[in-house]
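The values are calculated or read from the model by the stated rules, or taken from the named source; none is laboratory data. Because the structure is a prediction, the values reported are computed rather than measured. With ideal geometry, Cβ positions are generated from the backbone for all residues, glycine too; neighbour counts draw on all protein chains shown. Accessible surface areas use protein heavy atoms only, side chains included; no ligands, DNA or RNA. Shrake-Rupley method; radii C 1.70, N 1.55, O 1.52, S 1.80 Å.
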Amino acid sequence: KPLFSGFFIFGIFMIQLNKNIDVVNLHREYSKNKRIMVDSVLEFDGFSKITEKLKHNIPYLNAYSLNGQYIQSSDDELKNMSPDKMRALQQTIYENASKGVGFFYGRYEITQNEKDELLKELFNYLNGQEVLKLISDVTGVKGLKSASVQLTRYVPGNFLTRHNDVLPTKQRAIAFVFGFTPQWHPDWGGLLHFYEMDGKLTETFMPKSNVLSLFDVQLPHSVSYVTPFARAARYSITGWFNLK
């Protein structure tokens, strides 16, 4: 039984989903550790155009934790800070991160009110019954009702400290990361790490392109610091499949 079948219209593009991915084997693999990477998810000529959109046409907001507060600042807002203020902000962000609490990365949330045609198609597709059923078949989680979707960008200096994605009010069940990052070097950072509850590192997923990662929201994980010598940004479509 294939993971995906047929095609759907994605903006002005026709995307052919890979029909050769075996749900039975994926479910068996996922069941071992509650996480999996699915390679070559899509088959279509326009994949690079979506990558270009993520790189050049998204008004990302830089999300970070500052003394317990969740803040989002545009690129222009950060660029217009004085050097002293920017250094103080970075110092505070990194000091909080050194205590295991913190994040700093670009994000853009997609909702049902999205105006961009391409992104709205993406949101509707991920919230469609076909995808929800297929994710349920792979993970074994029944009753998935919706998907929360965001675009993320990690540039040098960005990171996400160790945490889990449990949020009772949203009833998140499965987290996903759909990678749009070709030719990433592991020395650049930006690696998705998984841990035991005691902090022991157990597995690492490296950023790739056209790869869908799925994992249980209860798994502790992090995104490692993107180094100053990284030659590219790490782009993904990420979010959660929810039970409500």
inquiry  = Between a residue in region 183-203 that is closer than 14 Å to TYR225 by Cα and of a type in the set (Gly, Ala, Ser) and any residue that is assigned to a strand (DSSP E or B) and open to solvent by less than 30 Å² (accessible area, probe 1.4 Å), which pairs come within a Cβ distance under 8 Å, given they are 6 or more apart or on different chains?
reply    = GLY189/PHE159; GLY190/TYR154; GLY190/VAL223; GLY190/ARG234
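Residue by residue, here is whether (1) out of contact with any Cys (no Cβ under 8 Å at 6 or more places or on another chain); (2) closer than 18 Å to HIS221 by Cα; (3) not β-branched (Val, Ile, Thr) holds:
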| position | (1), (2), (3) |
| --- | --- |
| SER148 | yes, no, yes |
| VAL155 | yes, no, no |
| LEU167 | yes, yes, yes |
| GLN183 | yes, no, yes |
| GLU196 | yes, yes, yes |
| LEU201 | yes, yes, yes |
task = Identify the single condition in (1) in a helix (DSSP H, G or I); (2) among the aliphatic types (A, V, I, L, M); (3) within 19 Å of LEU134 (Cβ to Cβ) that VAL38 does not satisfy, given that it satisfies every other one.
result = (1)
query = Of all residues in region 64-78, how many are open to solvent by less than 40 Å² (accessible area, probe 1.4 Å) and of a type in the set (D, E, K, R)?
reply = 0
task = State which residue is surrounded by the most Cβ atoms within 10 Å (Cβ to Cβ) when the search covers only region 79-109 and only residues that are of a type in the set (Lys, Arg) and closer than 17 Å to PRO156 by Cα.
result = ARG107
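Looking only at region 138-175, which residues are among the polar types (S, T, N, Q), in contact with a strand residue (DSSP E or B) (Cβ under 9 Å, 6 or more places away or on another chain), part of a loop (DSSP other than H, G, I, E, B) and surrounded by fewer than 20 Cβ atoms within 10 Å (Cβ to Cβ)?
ASN164, GLN171, listed by residue number.
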request  = Go through region 194-225 and give me each residue that's polar (S, T, N, Q), modelled with pLDDT of 95 or more and over 24 Å from ALA173 (Cβ atoms).
outcome  = SER224
ask   = For GLU114, which of the numbered conditions (1) closer than 25 Å to LEU192 by Cβ; (2) open to solvent by less than 30 Å² (accessible area, probe 1.4 Å); (3) within 21 Å of the chain's Cα centre (by Cα); (4) without any contact (Cβ under 8 Å) to a residue 40 or more places away in the chain fails to hold?
value = (1)
task = Scan region 176-214 residue by residue and report those that are open to solvent by 30 Å² or more (accessible area, probe 1.4 Å) and in a loop (DSSP other than H, G, I, E, B).
result = PRO182, GLN183, HIS185, GLU196, MET197, ASP198, LYS200, MET206, LYS208
